[in-house]
Amino acid sequence: MNETETLTEVTKSSALLDLALALGGFALFSLLVVAVAYVVMRVLFLAIPAPAVVRFLSWRYLIHRPTNLIGVVGIFLGVGALIMILSIMTGFLEQTRTSMRGSLSDMILLLPGTEAPRRPYDAQKILEVVRADPRVEAASAHLSWPCFLTREGGNSLLMLSDPQRSRHAFVQLAGIDVEDEKTSTEFHASLVRPPTYGESVADPTAPFAPPPEYDSSMGIPRASVILGDQLFAAHRLRRGDFVTLIIPVRDPQSEYGFAAKEREFVVAGSFRSSENEMDLERIYVERGQLARFMAGANEEDELPRGAMNVSQVLIKLRNYETDRDATQLELYDALKDKRLIDSSCQLATWEEFRGPLLGAIENERVLLGIMLSLVLLVACFTVFAILSMMVSEKRRDIGILTALGATPRLSLMVFLAIGFWDALIGAFLGACTGVVLALKIDGIERWLSAALDVQIFNRNVYIFDTIPSVVEPLAVGAIVLGAFLCTLLFAAIPAWRAARLDPVEALRNE
Amino acid sequence: MSLQPIVLRASAVKKAYRIARRALPILHGCDLELARGERLALMGPSGAGKSTFLHVLGLLDRPDSGHVEINGADAWSMGVDGRARLRNASLGFVFQFYHLVAELTAVENVLLPSLIGLNTFEFDRRRKELDGRATELLVRFGLKERLKHRPTQLSGGERQRVALARALFHDPPILIADEPTGNLDRETGEKVLELLFEEQARRQLSLLLVTHDERLAERCERVARMDAGRIQNGLRA
Ligand SMILES: Nc1ncnc2c1ncn2[C@@H]1O[C@H](COP(=O)(O)OP(=O)(O)OP(=O)(O)O)[C@@H](O)[C@H]1O
Ligand SMILES: [Mg+2]
């Protein structure tokens with residue numbers, strides 16, 4: 001037996017031990033819940049002026065009929081699953097929002113590509129106007145352009161022919177101003193975050209400085225790029241490597257109106273953002289360098305007048321929640337009045353920008369909620385079925401109670417109380433378990449994945465390193481209350497039937 | 001004896017069952033009087049309507065017409081709650097088939113009238129005293145070793161003694177027994193009856209006893225006979 005085998009044996013047996021401990025813990029926990037439910041019952045029934053037989057007999061019936069457990073377990077599963085899944089979905093939603101927000105800033109001014117002979121947008125003036133608004137905390141100009149990435153001795157064509165990986169060849173060049181970017185987006189954070197696959201830049205305060213591995217005596221290339229973590233890895237790059245970027249530019253002479261331009265850049269390092277998408281297909285470059293590249297000017301030359309140098313302005317507000325709508329309207333009008341933008345431009349909040357994705361997650365959450373509510377409904381129906389059975393079975397008891405002085409209302413209460421215990425134990429146990437599972441879901445998933453040797457949650461597929469979950473007390477309360485009312489409603493039907501039974505018929509014979 | 005007041009009076013009680021739209025008359029105007037401390041046997045062939053009449057007297061089955069007075073109050077013109085209180089406090093019922101609740105122990109079955117009559121708070125407060133009384137009653141009925149037994153763990157005679165203790169627990173003035181020994185062998189039946197008569201005498205109960213046993217009827221002060229829904233000798237002479 002070699003070492004790794006021994007190791008797996010050890011982890012397997014410790015996983016079993018963990019499982020036994022977890023189950024034991026759960027059993028203890030259930031006992032505690034039943035005890036709490038019993039205490040609640042005693043207190044509650046002291047408060048309600050119901051005949052003592054309601055509490056006494058309903059509890060007795062519950063304990064002596066193990067079939068009642070099915071109802072309790074059903075409610076428990078329904079409530080637990082609802083709380084757990086909804087918490088995870090809420091977590092997904094919030095996590096997605098925050099991570100999108102980090103990379104998207106609060107608002108984005110979209111300046112669509114200029115068609116000659118319109119003069120280019122003046123980034124400097126636009127930024128001045130935007131920053132003059134007291135509600136704006138920071139703003140930065142972006143120049144975004146599509147590009148094709150190749151490297152000497154690389155396999156770009158191979159990548160192109162592979163639909164799975166062709167996205168690594170077609171990427172988005174983002175021209176940025178380092179200092180502005182630090183204040184308005186999470187650019188800086190994405191530089192200092194430890195890379196998963198790539199190599200950080202040597203100096204995050206001057207990210208576009210030539211990397212130490214680069215021999216500047218050669219003179220070429222003169223500008224640096226920073227690639228997304230996964231893109232960096234897909235091309236098997238090292239810091240100091242050269243890459244060739246090919247971009248389409250306007251060319252009236254060409255048949256199709258554009259031609260390709262290429263330029264060599266040096267790789268300064270990689271960044272890791274909180275969004276998978278960006279790490280896959282974004283390359284940062286200095287905005288001025290991208291503008292020169294597009295205009296066909298050398299790296300050290302002046303930028304020719306009339307060259308395109310901005311395509312978006314990212315805006316960060318001091319208080320997004322309160323100022324969003326007013327700022328959006330007023331800023332747009334101000335820019336338009338000063339003729340800095342035209343009607344083809346758009347000022348969108350990040351939510352509008354990413355609306356469809358957020359909407360999809362929200363939709364999914366609602367759908368899951370509905371589906372799991374059906375589980376709860378089935379559980380309620382089980383309670384209904386079991387109670388109906390019990391009422392038929394206990395006809396004689398109802399007759400006895402009546403003969404000893406019970407009113408029909410009392411018979412109703414006895415059976416309704418059984419539904420009440422089902423709901424109390426099931427919903428309480430489900431709520432506690434659901435909340436615990438929701439809070440510990442990441443650890444539980446890791447443990448299960450390890451124990452079962454399969455990956456349940458593939459972290460590479462999602463943007464997140466951990467399974468997010470947010471427990472909303474209000475939602476938990478609503479679910480518990482809903483389960484309670486639903487169960488009581490379903491229990492009320494057989495209970496009502498119990499009240500309508502003819503006591504004499506049940507008493508006539510054995 | 002005839003000076004004793006009437007505690008239970010039925011007058012002109014009629015009852016018919018409706019089967020397939022046709023009324024099937026069972027009771028054709030029955031009259032009955034039961035004085036305080038009196039033992040009255042009700043006899044008659046099977047199907048005469050004895051149980052039906054008892055259910056009307058026991059406020060379990062509403063008559064089509066006629067009145068049932070308990071301590072002078074017309075029970076069937078009361079509300080549901082008032083009648084339930086009368087059943088709980090003034091009437092004791094013993095059935096042929098014991099009718100104990102299977103989930104409860106002997107003591108708990110005896111406690112049932114109190115469980116129904118008292119609210120939770122009151123019951124919890126008086127639990128000790130009530131438990132004591134129920135136990136004492138069962139011990140007197142020779143069930144000292146059977147207090148915590150469930151009905152299925154008891155013999156027929158023992159079950160009927162528990163049922164008798166339950167009927168007597170609230171000390172009701174009226175006890176209605178529908179063939180209480182009908183399901184027991186002679187010897188066991190005798191023992192239960194001894195208890196029944198002993199308690200009746202001790203508590204000055206008014207006992208209405210349905211039986212097929214002539215020797216038993218002889219031990220009662222008065223015997224009413226029922227046949228095809230009519231009663232003879234139901235009223236006091
Ligand atoms: N729910 C019912 N519907 C129709 N007929 C009924 C119903 N209950 C009882 N009966 C009929 O009423 C008649 C009287 O029944 P009851 O049980 O009162 O007789 P009983 O005198 O007690 O007889 P036994 O001595 O056998 O107990 C019977 O013929 C019975 O078939
Ligand atoms: Mg009968």
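The values are calculated or read from the model by the stated rules, or taken from the named source; none is laboratory data. In this text the structure is predicted, and so the values were computed from the model without any measurement. Every residue, glycine as well, gets a Cβ built from its backbone with ideal geometry; the counts of neighbours run over all protein chains shown.
Does B:LEU24 qualify as being more than 14 Å from chain A (Cβ to nearest Cβ), without any contact (Cβ under 8 Å) to a residue 24 or more places away in the chain and assigned to a strand (DSSP E or B)? Yes, satisfied.
Just wondering, is there one or more residues in the range A:433-453 that are assigned to a loop (DSSP other than H, G, I, E, B), of a type outside the set (Phe, Trp, Tyr) and more than 29 Å from A:GLY228 (Cα to Cα)?
yes
The condition of being of a type outside the set (Asp, Glu) and modelled with pLDDT of 85 or more holds for only one of A:SER344, A:SER388, that being A:SER388. All told, B:ARG87 meets the bar of being basic (Lys, Arg), within 7 Å of another protein chain (Cβ to nearest Cβ) and under 14 Å from A:THR402 (Cβ atoms).
Could you list, in sequence order, all residues of the range B:77-96 that are part of a loop (DSSP other than H, G, I, E, B) and either among the hydroxyl-bearing types (Ser, Thr, Tyr) or within 16 Å of ligand 1 (Cβ to nearest atom) (or both)?
B:SER90, B:PHE95, B:GLN96
Considering only residues that are of a type in the set (Val, Ile, Thr) and assigned to a loop (DSSP other than H, G, I, E, B), which ones fall in the range A:489-510?
At the first step, the residues of the range A:489-510 found to be of a type in the set (Val, Ile, Thr) are A:493, A:504.
Correct list: empty.
Consider A:ALA259 carefully, then state whether it is assigned to a helix (DSSP H, G or I), under 20 Å from A:ILE246 (Cα atoms), small (Gly, Ala, Ser) and touching a strand residue (DSSP E or B) at 6+ places or on another chain (Cβ under 7 Å). Criteria not met by A:ALA259.
For the range B:131-147, the set of residues classified as of a type outside the set (A, V, I, L, M, F, W, C), surrounded by fewer than 20 Cβ atoms within 10 Å (Cβ to Cβ) and away from every other protein chain (no Cβ under 14 Å) consists of B:GLY132, B:ARG133, B:THR135, B:GLU136, B:ARG140, B:GLY142, B:LYS144, B:GLU145, listed by residue number.
If you go through the range B:91-109 and keep only what is on the phi > 0 side of the Ramachandran plot and more than 7 Å from chain A (Cβ to nearest Cβ), you end up with just B:TYR98. Taken over the range B:35-57, residues that are assigned to a loop (DSSP other than H, G, I, E, B) and in contact with a Gly (Cβ under 8 Å, 6 or more places away or on another chain) amount to 2. In the range B:214-232, how many are more than 16 Å from ligand 1 (Cβ to nearest atom) and not in a helix (DSSP H, G or I)? Of the residues in that region, 4 qualify.
The residues in the range A:320-351 that are among the hydrophobic types (A, V, I, L, M, F, W, C), in a helix (DSSP H, G or I) and crowded, with 17+ Cβ neighbours inside 10 Å can be counted, and the count is 3.
Listed here are the residues, each with its yes/no results for (1) over 26 Å from A:ILE75 (Cα atoms); (2) within 14 Å of chain B (Cβ to nearest Cβ).
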residue	(1), (2)
A:GLY359	yes, no
A:GLU362	no, no
A:ARG365	no, no
A:LEU372	no, no
A:CYS380	no, no
A:PHE384	no, no
A:ILE400	yes, yes
A:GLY405	yes, yes
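Scanning the range B:170-195 for residues that are buried (at least 18 other Cβ atoms within 10 Å of the Cβ) and in contact (Cβ under 8 Å) with a residue 60 or more places away in the chain turns up B:HIS170, B:PRO172, B:PRO173, B:ILE174, B:LEU175, B:ILE176, B:ALA177, B:ASP178, B:GLU179, B:PRO180. Restricting the range B:43-53 to residues that are more than 14 Å from every other protein chain (Cβ to nearest Cβ) and either within 9 Å of ligand 1 (Cβ to nearest atom) or more than 22 Å from B:GLY92 (Cα to Cα) (or both) leaves a set whose member that is surrounded by the fewest Cβ atoms within 10 Å (Cβ to Cβ) is B:PRO45.
Yes/no per residue for (1) without any contact (Cβ under 8 Å) to a residue 24 or more places away in the chain; (2) loosely packed, with under 15 Cβ neighbours inside 10 Å:
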position: A:THR382; (1), (2): no, no
position: A:MET389; (1), (2): no, yes
position: A:GLY399; (1), (2): no, no
position: A:ALA403; (1), (2): no, no
position: A:GLY419; (1), (2): no, no
position: A:GLY434; (1), (2): no, no
position: A:GLY443; (1), (2): yes, yes
position: A:ILE456; (1), (2): yes, yes
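Scanning the range B:26-42 for residues that are surrounded by 22 or more Cβ atoms within 10 Å (Cβ to Cβ) and within 12 Å of ligand 1 (Cβ to nearest atom) turns up B:LEU27, B:CYS30, B:LEU42. Once the range B:6-25 is narrowed to residues that are within 14 Å of ligand 1 (Cβ to nearest atom) and not charged (D, E, K, R), the residue that is farthest from B:ARG62 (Cα to Cα) is B:ALA20. Count of the range B:110-130 residues, restricted to those that are facing chain A (nearest Cβ under 9 Å) and in contact (Cβ under 8 Å) with a residue 24 or more places away in the chain, is 6. The set of residues in the range B:194-213 that are assigned to a loop (DSSP other than H, G, I, E, B) and on the phi < 0 side of the Ramachandran plot comprises B:LEU205, B:THR211, B:HIS212, B:ASP213. Do the conditions hold for A:LEU377, that is, is it in contact with a Cys (Cβ under 8 Å, 6 or more places away or on another chain) and surrounded by fewer than 17 Cβ atoms within 10 Å (Cβ to Cβ)? Against the criterion (in contact with a Cys (Cβ under 8 Å, 6 or more places away or on another chain) and surrounded by fewer than 17 Cβ atoms within 10 Å (Cβ to Cβ)), A:LEU377 qualifies.
Determine whether the range B:58-76 contains at least one residue that is in a helix (DSSP H, G or I) and away from ligand 2 (no atom under 16 Å from the Cβ). Walk me through it before giving the result.
Going through the range B:58-76, the residues in a helix (DSSP H, G or I) turn out to be B:75-76.
If we keep only those that are away from ligand 2 (no atom under 16 Å from the Cβ) too, we end up with B:75-76.
Yes: the range B:58-76 contains one or more residues that are in a helix (DSSP H, G or I) and away from ligand 2 (no atom under 16 Å from the Cβ).
Of all residues in the range B:144-160, those being closer than 13 Å to B:LEU193 by Cα and modelled with pLDDT of 90 or more number 2.
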